[in-house]
Amino acid sequence: MLRTFSRLDFLLLTLLFASTLFFWFPTISLPYWWDSAGFVMQQAHSYLIHGFSVTRASYSDFAHPPLLSMLLATTWYLFGEDVVISHIAYLPFVLFSVIGIYLLGREVVKDSIVGPVVGFATALLVLFTPTFLAQVGIVYMEIPATTFAVFGYLFFLKRRYVLSSFFFSLMVLMREFTSIIVFVFVILFVLRWWSERKKSSSVQYRNIFYMIFPILLLCGWFFYHYLLTGWWMISPDRPFVGGHAFSFDFVKLASVFSFIFLFQWRVLLFAAFVLCFLGSYFYSPKIWLRQKDLLRIDTAPLFIIPVVYLLFFGRFEFLTRYSVIVLPFLYLLVVCSLKNMISKTKRRMQVCVILSFSLVTLFFFRSEWNLHRVVNTYYYSPLEDNLEYRDVIALGKQVASYLELHHQDTAIYSSFPFTSMLADSYQGYTASSFTIRDCKTYARGNGVIIYHYFSPGSVDCSHLLNTYVINSKKKFSVNGKRVLVAEFSGSKNKGEEKK
C-alpha cells in the first residue's frame with residue numbers, strides 16, 4: 001500500500017523540486033555535448049527527417065537501444081526541433097530521478113520523520129555530486145536510466161513486480177549495461193521466494209517472468225541489431241585508446257574504485273560508512289544487528305549494485321558518467337548506516353546528525369563543481385565529471401562564430417567531438433551548418449583545421465598541421481582549454497616535400 005504524504009513530505013519534495021529547477025534552468029539553451037551531439041541528437045534528427053523509418057542510425061560503435069533518440073524525435077515532431085525543446089523534454093527525467101531517490105529513501109526507512117529526512121539527504125547528495133550535476137545539462141542516457149533504476153527498485157520493495165519490470169525494461173532500453181542491475185534483482189527475487197518458503201504457484205512463476213522480461217527484451221534488441229548490422233554489441237571497427245578496453249586488470253579496477261568511492265570528496269562518505277557499519281561491531285552488538293539488517297534481501301541492492309558495478313567496469317571500458325547510475329544506491333547505503341549508528345537517540349537528534357553530515361558533505365561537493373584543468377596534451381575521457389565541460393562548449397561557440405564569419409564555404413577538418421558538435425545548426429552552436437570532415441580523410445586542396453586536445457583523433461589533425469603550409473592561425477582559449485583554427489594550403493612544407 002502507498003504511504004500517505006505528510007506536510008513534511010510536501011515540504012521536502014518542494015525543496016528538492018526547487019533545487020533541481022535551480023540547477024537545470026541555466027542549461028535550458030546549452031548546446032549539445034560530446035556523445036549527446038555525436039550519437040543521440042544525430043540519431044534523433046535522422047529519425048525525424050526520415051519519418052521514423054530509420055531503425056538504426058550509424059552514429060555509434062555500440063548497439064545502444066534507441067529509446068532516448070526516439071523520445072526526442074517524437075518531441076521535435078510535436079513541438080519543433082530546438083535545443084530548448086530538448087532540454088525541456090529532458091527535465092522530467094532530471095526531476096523524477098531526484099524525487100524517486102527521495103521516495104526510495106522514504107521506503108527503505110519506514111519512519112514518518114526520519115525516513116523522509118533520509119530520502120531528502122540522499123537526493124540532495126546525488127544532486128550536488130559534480131558528475132550528476134554535469135549530466136543535468138547534458139541530454140544523454142545516464143539520468144533517464146538512473147530514474148528508471150530507482151523506480152524499478154522502489155516498486156520491487158513494494159512487491160509491485162509488473163511496475164518494477166516496466167521501469168527496468170525502460171532502463172535497459174535506455175542504457176544497455178544497466179542489465180546487470182536486473183540480474184541482481186532477479187537473483188534477489190529468487191532468494192526472497194526461497195527464504196519465505198512459499199510453494200510454487202502460477203503467480204510466482206508470472207512474477208519471475210516479469211523480473212526476467214527486461215533481459216529478454218534487451219536480447220531481442222541485440223538480435224534485431226545483429227540482423228541489421230552484422231554485429232551484436234560493439235562494432236568490430238571500434239578503436240580503443242591504450243589497447244583493448246575490455247581487458248580486466250587491477251590497475252583499471254583501482255581506477256574505477258577510486259572514482260566511484262573516493263574522488264570528488266566521496267571519500268567522506270566511504271569513511272563514514274566504514275566507521276558506522278564496521279565500527280558498530282565494536283561499539284554495540286545491538287547496533288551491529290541493525291547494521292546487518294541492511295543485508296536483508298530488500299536492502300541488499302544497496303551493497304551489491306556498487307560492488308557489481310565496480311567489478312563490471314574493472315573489465316569493461318569506464319567513463320566517469322557511468323558512475324551516475326550507482327550513486328543513489330551508494331549514497332542511500334551510507335545514510336542508512338549513519339542512521340542505524342545513532343538509532344538509539346531521539347528522532348530529533350537523528351535528523352540533526354543526518355542533515356548536518358549531509359550539509360558538510362555538500363559543501364565539499366560544491367568545491368568540485370568548477371575545477372578547471374589545463375588541457376595541453378591529448379586527453380580522454382570526456383571532460384564531464386564536473387561542470388568544466390561547459391568550457392569546451394564555450395570554445396565551440398566561439399569557433400563556430402569565427403567559422404561563420406570567415407570560412408563559411410571552406411573545407412573544414414577536425415576530429416571528434418567538433419566534427420559532430422559544430423557540423424549542424426540543430427546542435428545549437430551556430431545558425432549555419434558546416435561540412436566538417438575528419439582529418440584522417442583529407443586528400444588534397446585548401447582547408448581549415450580545428451585542432452584541439454580533447455580526443456585522440458586530433459593526432460591526425462596534428463599531422464596535417466605539420467605537413468602542410470599554414471597561411472593563418474586563430475587561437476581560442478577558455479579556462480585552460482585551447483583550440484587552434486588554422487587555414488592551410490594544399491602545398492606541403494619544404495621538409496615534407498623532400499620526404
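Data for the structure
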{"read-out": "Qualifying positions in the stretch 158-205 - at pLDDT below 95, part of a helix (DSSP H, G or I) and within 13 Å of residue 298 (Cβ to Cβ)", "value": "188, 189, 191, 192, 195"}
{"read-out": "Failed item in (1) touching a Pro at 6+ places or on another chain (Cβ under 9 Å); (2) free of Cβ contacts under 8 Å to residues at least 12 places away in the same chain, with residue 396 passing the rest", "value": "(2)"}
{"read-out": "Flag for residue 453 being in contact with a strand residue (DSSP E or B) (Cβ under 6 Å, 6 or more places away or on another chain), free of Cβ contacts under 8 Å to residues at least 40 places away in the same chain and of a type in the set (Ser, Thr, Tyr)", "value": "no"}
{"read-out": "Condition met for residue 129 (out of contact with any His (no Cβ under 9 Å at 6 or more places or on another chain), crowded, with 22+ Cβ neighbours inside 10 Å and under 30 Å from residue 421 (Cα atoms))", "value": "yes"}
{"read-out": "Matching residues in the stretch 106-157 - criterion: being acidic (Asp, Glu) and under 18 Å from the mean Cα position of the chain (by Cα)", "value": "142"}
{"read-out": "Residue tally, condition part of a helix (DSSP H, G or I), farther than 25 Å from residue 360 by Cα, at pLDDT below 85 and of a type in the set (Ser, Thr, Tyr), over the stretch 252-287", "value": "1"}
{"read-out": "Some residue of the stretch 206-218 being under 26 Å from residue 70 (Cα atoms), assigned to a helix (DSSP H, G or I) and without any contact (Cβ under 8 Å) to a residue 12 or more places away in the chain", "value": "yes"}
{"read-out": "When residues of the stretch 413-456 are limited to those that are under 23 Å from residue 467 (Cβ atoms) and among the β-branched types (Val, Ile, Thr), the one surrounded by the most Cβ atoms within 10 Å (Cβ to Cβ)", "value": "450"}
{"read-out": "Residue match in the stretch 400-412 (condition: surrounded by fewer than 18 Cβ atoms within 10 Å (Cβ to Cβ) and in contact with a helix residue (DSSP H, G or I) (Cβ under 7 Å, 6 or more places away or on another chain))", "value": "no"}
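Residues are listed down the side, and each one gets a yes or a no for (1) more than 17 Å from the chain's Cα centre (by Cα); (2) over 22 Å from residue 365 (Cβ atoms):
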{"position": "48", "(1), (2)": "yes, yes"}
{"position": "60", "(1), (2)": "no, yes"}
{"position": "67", "(1), (2)": "no, yes"}
{"position": "92", "(1), (2)": "no, yes"}
{"position": "101", "(1), (2)": "no, no"}
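Conditions tested, residue by residue: (1) exposed (fewer than 15 other Cβ atoms within 10 Å of the Cβ); (2) assigned to a helix (DSSP H, G or I); (3) at pLDDT 95 or above; (4) basic (Lys, Arg).
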position	(1), (2), (3), (4)
26	yes, yes, yes, no
43	no, yes, no, no
47	no, yes, no, no
53	yes, no, no, no
65	no, no, no, no
71	no, yes, yes, no
89	no, yes, yes, no
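The values are calculated or read from the model by the stated rules, or taken from the named source; none is laboratory data. Predicted model only: the values in this text are computed from it and were never measured. Note: ideal-geometry Cβ built from the backbone for every residue, glycine included; neighbour counts use all protein chains shown.
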